[in-house]
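The values are calculated or read from the model by the stated rules, or taken from the named source; none is laboratory data. Keep in mind that this is a model prediction, so the values were computed, not measured. A quick note on method: Cβ atoms are made from the backbone with ideal geometry, for glycine too, and the neighbour counts reach across all protein chains shown.
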Amino acid sequence: MNVRYYAASSLDGYIATEDHGLDWLLQFGDVEETSYPDFIRDVGAIAMGSATYEWILRHQVHADTEESQSWPYQQPVWVFTSRSLPAVDGADIHFVSGDITPVYRQMVRMAGDSNIWIAGGGELAGQFFDQQLLDELIIQVTSVTLGGGIPLLPRTITAPSLKLISATTFGQNFVELHYEVQYPDNVA
Ligand SMILES: NC(=O)c1ccc[n+]([C@@H]2O[C@H](COP(=O)([O-])OP(=O)(O)OC[C@H]3O[C@@H](n4cnc5c(N)ncnc54)[C@H](OP(=O)(O)O)[C@@H]3O)[C@@H](O)[C@H]2O)c1
């Protein structure tokens with residue numbers, strides 16, 4: 001079981017524009033042509049911040065267009081928020097706040113042998129990193145720059161550095177970088 005932050009980033013290190021826009025990413029189309037189908041198969045529990053959850057509600061579940069979709073995850077999802085947010089009928093969603101450590105323990109119990117996905121944003125992934133609970137980064141670096149926005153991972157990680165496991169291209173628009181997070185007491 002590993003805790004994985006899996007996300008797409010612009011070349012200059014942003015996961016969304018300042019106003020939570022993702023059109024720069026969605027222009028590249030179908031996630032089925034990326035590593036996502038293989039990745040999600042091994043996920044047993046998902047964590048996300050409220051902005052990510054609200055984006056899914058706004059643009060997918062409650063989208064007032066023909067693109068409206070059902071809740072996209074079979075796995076239990078923990079949404080971090082200090083507010084009271086609407087649930088989604090039939091979805092296994094737990095609203096939580098504060099320290100991530102007890103939530104992580106619940107997620108481990110539910111995930112079993114499968115992985116935990118930190119879906120975003122970067123600050124939430126950073127909270128897992130702060131507690132040395134983030135094991136891997138799997139980042140699809142996209143062929144665009146945004147010049148500003150919501151950062152991929154607002155933490156300083158220099159020594160030990162991240163350990164590069166692989167770099168894989170998907171078509172002309174994505175390079176997927178897979179890193180293992182090293183902590184001072186477990187550098188390989
Ligand atoms: N490119 C990609 O692959 C990708 C992946 C994921 C997300 N995204 C997008 O990137 C953006 C992420 O935005 P973000 O970084 O601002 O958002 P986020 O992590 O989704 O949400 C941040 C919010 O979550 C709540 N929160 C976080 N940690 C908490 C804690 N420990 N306890 C209680 N509440 C907590 C806080 O809001 P409240 O307490 O006010 O609720 C916080 O402002 C979104 O637009 C999302 O759609 C992109």
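Enumerate the pairs (first residue in the range 87-108 and free of Cβ contacts under 8 Å to residues at least 40 places away in the same chain and more than 16 Å from TYR53 (Cβ to Cβ); second residue anywhere and surrounded by 15 or more Cβ atoms within 10 Å (Cβ to Cβ) and of a type outside the set (Phe, Trp, Tyr)) with beta-carbon separation below 6 Å, excluding pairs fewer than 6 apart on the same chain, so at least 6 apart or on different chains.
none
Go through the residues of the range 64-75 one by one and say whether even a single one is near the ligand (Cβ under 9 Å from one of its atoms) and at pLDDT 95 or above.
Keep residues of the range 64-75 that are near the ligand (Cβ under 9 Å from one of its atoms), which gives none.
No, every residue in the range 64-75 fails to be near the ligand (Cβ under 9 Å from one of its atoms) and at pLDDT 95 or above.
Inside the range 141-182, can you point out the residues that are loosely packed, with under 12 Cβ neighbours inside 10 Å and either outside any loop (DSSP other than H, G, I, E, B) or among the aromatic types (Phe, Trp, Tyr) (or both)?
The answer is LEU164, SER166, ALA167, THR169.
Do you know which residues across the range 29-50 are touching a Ser or Thr at 6+ places or on another chain (Cβ under 7 Å) and either within 12 Å of the ligand (Cβ to nearest atom) or basic (Lys, Arg) (or both)?
SER50
Can you report the number of residues in the range 141-163 which are without any contact (Cβ under 8 Å) to a residue 60 or more places away in the chain and either closer than 21 Å to GLY120 by Cβ or in contact with a Gly (Cβ under 8 Å, 6 or more places away or on another chain) (or both)? I'd like the intermediate steps shown before the answer.
Kept after step one, since they are without any contact (Cβ under 8 Å) to a residue 60 or more places away in the chain, are these residues of the range 141-163: 154-163.
Within this subset, residues satisfying the condition of being either closer than 21 Å to GLY120 by Cβ or in contact with a Gly (Cβ under 8 Å, 6 or more places away or on another chain) (or both) are 154-157, 162.
Counting residues in the range 141-163 that are without any contact (Cβ under 8 Å) to a residue 60 or more places away in the chain and either closer than 21 Å to GLY120 by Cβ or in contact with a Gly (Cβ under 8 Å, 6 or more places away or on another chain) (or both) gives 5.
Which ones in the range 110-125 are surrounded by 19 or more Cβ atoms within 10 Å (Cβ to Cβ) and either in a loop (DSSP other than H, G, I, E, B) or within 12 Å of the ligand (Cβ to nearest atom) (or both)? Before you say what the answer is, go through the steps one by one.
Going residue by residue through the range 110-125, those that are surrounded by 19 or more Cβ atoms within 10 Å (Cβ to Cβ) are 111, 115-122, 124-125.
TRP117, ILE118, ALA119, GLY120, GLY121, GLY122, LEU124, ALA125, listed by residue number.
Are there any pairs, at least 6 apart or on different chains, whose C-beta atoms fall under 8 Å, with the first in the range 22-44 and within 18 Å of MET110 (Cα to Cα) and the second part of a helix (DSSP H, G or I) and more than 12 Å from the ligand (Cβ to nearest atom), and if so, which?
VAL43/ALA111; GLY44/MET110; GLY44/ALA111
Could you look through the range 128-154, keep only residues that are within 9 Å of the ligand (Cβ to nearest atom) and hydrophobic (A, V, I, L, M, F, W, C), and pick out the one that is nearest to GLN172 (Cα to Cα)?
If we take residues in the range 128-154 being within 9 Å of the ligand (Cβ to nearest atom) and hydrophobic (A, V, I, L, M, F, W, C), then ILE139 is nearest to GLN172 (Cα to Cα).
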